[in-house]
1. Which residue, chosen from GLY202, TYR164, THR178, occupies the Cα position most advanced towards the positive end of the dipole of region 156-225, where the dipole is computed from +1 (Lys, Arg) and -1 (Asp, Glu) charges on Cβ about the Cα centre?
2. What is the set of long-range amide H partners of THR205 at a cut-off below 5 Å, with H atoms built 1.01 Å from backbone N?
3. Where in the chain are the DSSP H helices whose C-alpha atoms run 20 Å or more along the long axis and whose mean Kyte hydropathy is at least 0.5?
4. Where the Cα atoms of region 23-67 are projected onto their three principal axes, how long is each span, largest first, in whole Å?
5. Per DSSP H run of at least 4 residues, take -39500 (n - 2.57); add these up for the chain, divide by its residues and hand me the 222 nm value, nearest 500 deg cm²/dmol.
6. Quick one: pull the percentage of alpha-carbon pairs in region 153-192 with a separation above 11 Å.
7. Working only with C-alpha atoms, what are the Rg and Dmax values of region 159-242, expressed in angstrom?
8. So what's the chain giving for Cα Rg divided by 2.2 N^0.38 Å, two decimals?
Amino acid sequence: MPDLIPLYCFPHAGATTTVFRPWADQAAARGFDIRAVDRPGRGARRAEPAATGLDALIASSARWVADDLTGAAKPARWAVFGHSFGAVVALAVAARLAATGARPDRAVLSAGLPPTHHSRTDRAAGLDDAALRDRIAADGATPGELLDGGPVTAMILARFRDDYRLRSAFPDLAGLVTDLPLTIVAADRDEWAPAASMRDWGQHTTGPVRELTLRGGHFAAVQDPAPVLDALAADLRPAVAP
């Protein structure tokens, strides 16, 4: 069996990389090794200080990926995947690493609007706790029992607020242009990141672009990664075995 291709995955707002654990078997069957990238201060990186701004987050994430890439089994090929909040971070990290010579083969951007579609005034950041819980619950990605109150709920709300604060700086990346191949993933019932708006990611690369539309809502790609992994495997052949 050939070596698996690392796929560095960046999660949505408020999340840790545990959301990608169910992907492992499906990814391996298609020739990929999921290497999920937590934000500093969270998940597997909880001992690290949290990022104080968007550039600090990008720099820290790029260092984490670079260190992983230069390990004992340095991969010949690799790719990135980012969902929602993670889409902007994934491409920014990929572009920064590409500028140093560590070039990914593809960036997969799922359900996350391009920088020009974001506002410096993030309305979600100003919600009170009850309204923010309602918004998170409506998104459908956080189990309801975790939003019933108590320390866990407080931690989740704090994570979302931190990410919303970072998201308000996404317009700073409006001029980000790379030559990396992109896969743009939208879902036909996604109200937050409709396909027509996702298409504007094409303005951020001079390289080839593949568009993939899934059935479902905002978290369609996370809940059923098979179509995304199939498309990525097709794009990276012959490195990925049938």
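None of the figures in this text is laboratory data; all of them are computed from the coordinates on show. Fair warning: this is a prediction, and the values are worked out from it, not measured in the lab. Don't worry about glycine lacking a Cβ; one is built from the backbone with ideal geometry, like all the others, and counts go over all protein chains shown.
1. TYR164
2. THR178
3. Details: long enough: 54-69 (22 Å, 0.61); 85-99 (22 Å, 2.05); 151-167 (24 Å, -0.24).
Correct list, ordered by number: 54-69, 85-99.
4. Taking the Cα atoms of region 23-67, the three principal extents are 38, 18, 17 Å.
5. Working: 8 runs with 84 residues, N = 242.
That calculation yields -10500 deg cm²/dmol at 222 nm.
6. Values: 593 of 780 pairs.
Cα-Cα pairs of region 153-192 separated by over 11 Å account for 76 percent.
7. That works out to 14.7, 43 Å for Rg and Dmax.
8. 0.96
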